[in-house]
Structure formats: C-alpha cells, structure tokens
Amino acid sequence: MERRHFLIGSGVWGLTLLALGRSAVSRAGESAPVTIEKIHKTDDEWKRLLTPEQYRVLRREGTEPKFSSPLNQEKRRGEFVCAACELPLFASEMKYDSGTGWPSFFRTIDGRVETKLDFSLILPRTEYHCARCGGHQGHVFDDGPQPTGKRWCNNGVALRFIPA
C-alpha cells in the first residue's frame, strides 16, 4: 500500500472514531426515557463544593487508586449517590465484589447516568457520568455478572453511600 493511501485511510478511520466518540452519548438505562434536570456550575463553584480528590475525579475525569475506597467493603442496604449532586445512581442490591479494587455494580438506576466513548487510552472504552451534574463516575465493561453481564466500575470518591 502506498504511504499516501495509508495516511488517507488512517485519517478517515481516525475521523470516524472521533465522530463515534462525540455521537455516542446515550442513557445507560434501557427503559423509557427519564428526564433529569441538569446542574451547571463553574469550575470555581465545583472547587469550593468538592474535596481536591473529588474535583480531580468528578470534574477532570481522574481515577482514584484501586483498593483505596472504603465503599469497596460497604455491604449495608441503601443507595450510592453522586458525591457532587446527590443523585442516586445505584441501589445496594446492584453492587458486587469484582475484585478489581473499585466499587462495582451490575446495573445502574435507569436514566441516572449518561455514557460516551473515551479514547484516552487509545482503544475506546465506555465512560459514564452522572446525568444531573455531569460528574465522571467511571467506566463500564462487558465482564460483569448476570443478569446484565456489565461491570459499572466506579470511583469510590465520586460516590456517597446513604444507608436505608
């Protein structure tokens, strides 16, 4: 293959992937659409409301060190809510021990998260955010337990647990 054909083909493939990443925003839930009122704040407002680590993860799409979250051990009944806006994202019945070092869930509460493709590690992954405030929560993978086969791998610092 000539170099220019390779470069043209690579550019078309790259633009296709970029377009997919921008258009792949969807709701994670599969039932009827749920309307969540959005919260919009400035960076300065978020910095005042969040700890530095919460800000890094929720607003800058960072990742906390694995096995650092006390939520890994949380086994009580209750809800896991977004640490930034308190929108319930997961019920305790959705949590399981994935052994990965991050709180993991096999599904979300319908309509509470939005997904998009993430190319930060070159290969695409599905990233998810709180549907209300846009706070980065983690990534979803296809290696979870039944009934969904999904693993919603969450940063513990991005969540708060509210006991039942």
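The values are calculated or read from the model by the stated rules, or taken from the named source; none is laboratory data. Everything numeric here is computed off the predicted structure, so don't read it as measured data. Note: ideal-geometry Cβ built from the backbone for every residue, glycine included; neighbour counts use all protein chains shown. Please note that ligands, DNA and RNA were not included when accessible areas were found on the heavy atoms of the full protein model with its side chains. Shrake-Rupley method; radii C 1.70, N 1.55, O 1.52, S 1.80 Å.
The charge dipole of the range 69-164, taken about its Cα centre with unit charges on the Cβ atoms of Lys, Arg (+1), Asp and Glu (-1) only, comes to about 160 debye. From the cross-link list Lys41/Lys116; Lys38/Lys66; Lys41/Lys75; Lys66/Lys95; Lys66/Lys150; Lys47/Lys75, which pairs have alpha carbons spaced over 28 Å apart? Listed pairs above 28 Å: Lys38/Lys66; Lys41/Lys75; Lys47/Lys75. Taking only the Cα atoms of the range 54-115, the ratio Rg/Rh comes out at 0.94, with Rh defined as the Kirkwood radius.
Computed from phi, the 3J(HN,Hα) profile of the range 135-140 under the Karplus parametrisation 6.51, -1.76, 1.60 (θ = phi - 60°) reads x, 5, 9, x, 10, 10 Hz, with x in place of Gly and Pro.
In the context of the full set of protein chains, the range 50-116 has a per residue accessible area of 48 Å² (1.4 Å probe).
Using equal-weight Cα scatterers in the Debye expression, the normalised intensity of the range 36-164 in log10 at q = 0.10, 0.13, 0.14, 0.17 Å⁻¹ is -0.28, -0.48, -0.56, -0.85.
Diffusion coefficient (Stokes-Einstein, Kirkwood radius over C-alpha pairs, 4 °C, 1.567 mPa s) for the range 114-163: 109 µm²/s, rounded to a whole number.
Subtracting the Cα-Cα distance of Asp142 and Lys75 from their residue separation scaled by 0.36 nm leaves 21.8 nm.
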